Amino acid sequence: MTLINKNAKQLHAPIVSNKRVGQYHQIIINIGEVAATCKPGNFVAISVGGDSSRMVLRRAFAISRVSTSSTVGGTMELIVAPHGQGSKWLCQQGEGVVLDLVAPLGTAFGIPTEPVSVLLVGGGYGSAPLFGLAELLNARGCRVDMLLGASTGSKIYAPMEGKRSVNSMRIYTEDGSMGSAGRVTDPIPEIVRDLNVAVIYSCGPMPMLAAITKISNELDVVHQCAVEESMACGIGICMTCVLPVIGDDGSVSMLRSCIDGPVMDGSRVKWELVGQVPEAQG
């Protein structure tokens with residue numbers, strides 16, 4: 001049975017800053033020495049709502065990037081969209097507010113042992129965790145190209161920031177309000193062939209991840225994706241984030257994306273069964 005991330009620690013961490021960036025909030029939290037154990041793909045579970053809150057379970061948020069050398073010590077950056085009750089509460093918290101959190105949690109993106117060509121694909125604010133990954137891959141000597149996509153331009157997070165650690169970046173919006181008109185998955189086959197891409201890394205909406213997996217399977221390219229299945233507790237207790245995953249023996253098991261993920265091999269996820277209960281295997 002897969003266990004919680006061995007590096008996970010519960011701590012009370014103060015917010016260093018909370019800035020509005022377009023439709024999102026960039027929240028920097030001082031987590032001290034824990035920052036050194038966080039890797040791209042990991043997430044944090046935060047107690048939200050305050051002491052009198054009825055929101056008993058922690059809320060999970062993807063870690064965008066960490067720094068071990070900031071002026072206040074080790075810090076963690078979160079990019080939060082104020083959609084649900086928990087995320088709205090977090091976005092309302094200001095500098096100095098102390099958060100009860102557990103980090104790092106979940107699996108991380110695998111990094112190639114040798115320099116190869118990689119493609120990063122982000123949907124909406126799901127692109128945020130890919131920026132820190134791009135920096136790590138760039139330092140490893142990989143060629144890094146990035147695609148960012150969303151339904152409209154206002155949902156693209158910090159496009160200029162993404163350019164810092166990549167060889168090239170293209171933006172696609174379905175309404176054509178930023179970059180090229182179309183879906184972010186449209187240029188993937190051409191890029192993979194032209195640049196001899198060895199690994200696709202992705203983070204974003206589940207339909208986008210499923211579409212990328214279809215393409216990567218056809219082109220025989222590794223696809224590591226950070227799934228966006230809703231997590232209620234973040235530590236494997238509530239079982240609300242289970243996903244159908246194909247095992248080595250071909251059978252389908254319901255795995256917890258907060259423990260066995262969020263980073264998964266896209267080719268192993270049974271995308272057509274997401275949100276359903278798979279039939280029992282004979």
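Remarks
- Taken over the range 192-221, the criterion of being of a type in the set (S, T, N, Q) and more than 15 Å from the chain's Cα centre (by Cα) is satisfied by ASN196, THR213, SER216, ASN217.
- Residues that are in contact (Cβ under 8 Å) with a residue 24 or more places away in the chain, part of a loop (DSSP other than H, G, I, E, B) and surrounded by fewer than 18 Cβ atoms within 10 Å (Cβ to Cβ) within the range 151-182 comprise SER151, THR152, ASN167, GLU174, ASP175, SER177, listed in sequence order.
- Of everything listed in (1) touching a residue at least 24 places away in the same chain (Cβ under 8 Å); (2) assigned to a loop (DSSP other than H, G, I, E, B); (3) within 27 Å of SER87 (Cβ to Cβ); (4) touching a helix residue (DSSP H, G or I) at 6+ places or on another chain (Cβ under 9 Å), the single unmet condition for VAL197 is (3).
- Any strands (runs of 3 or more DSSP E) falling wholly within the range 25-139 and containing at least 3 residues that are more than 17 Å from the chain's Cα centre (by Cα): 59-70, 73-80, 98-105
- Number of residues in the range 231-265 that are among the small types (Gly, Ala, Ser) and either in the same structural domain as PHE43 (by TED's automatic domain parsing) or over 30 Å from GLN85 (Cα atoms) (or both) equals 4.
- Flag for LEU255 being in contact with a Pro (Cβ under 9 Å, 6 or more places away or on another chain), closer than 23 Å to VAL44 by Cβ and surrounded by fewer than 23 Cβ atoms within 10 Å (Cβ to Cβ): yes
- For the range 200-229, a residue qualifies if it is at negative phi and either assigned to a loop (DSSP other than H, G, I, E, B) or small (Gly, Ala, Ser) (or both), and the qualifying residues are SER202, PRO205, ALA210, ALA211, SER216, VAL221, ALA226, VAL227, GLU228, GLU229.
- Put simply, of ARG65, ARG58 the only residue that is crowded, with 16+ Cβ neighbours inside 10 Å, in contact (Cβ under 8 Å) with a residue 24 or more places away in the chain and touching a Ser or Thr at 6+ places or on another chain (Cβ under 6 Å) is ARG58.
The values are calculated or read from the model by the stated rules, or taken from the named source; none is laboratory data. Fair warning: this is a prediction, and the values are worked out from it, not measured in the lab. In this analysis, Cβ positions are derived from the backbone assuming ideal geometry, glycine residues included, and neighbour counts consider all displayed protein chains.
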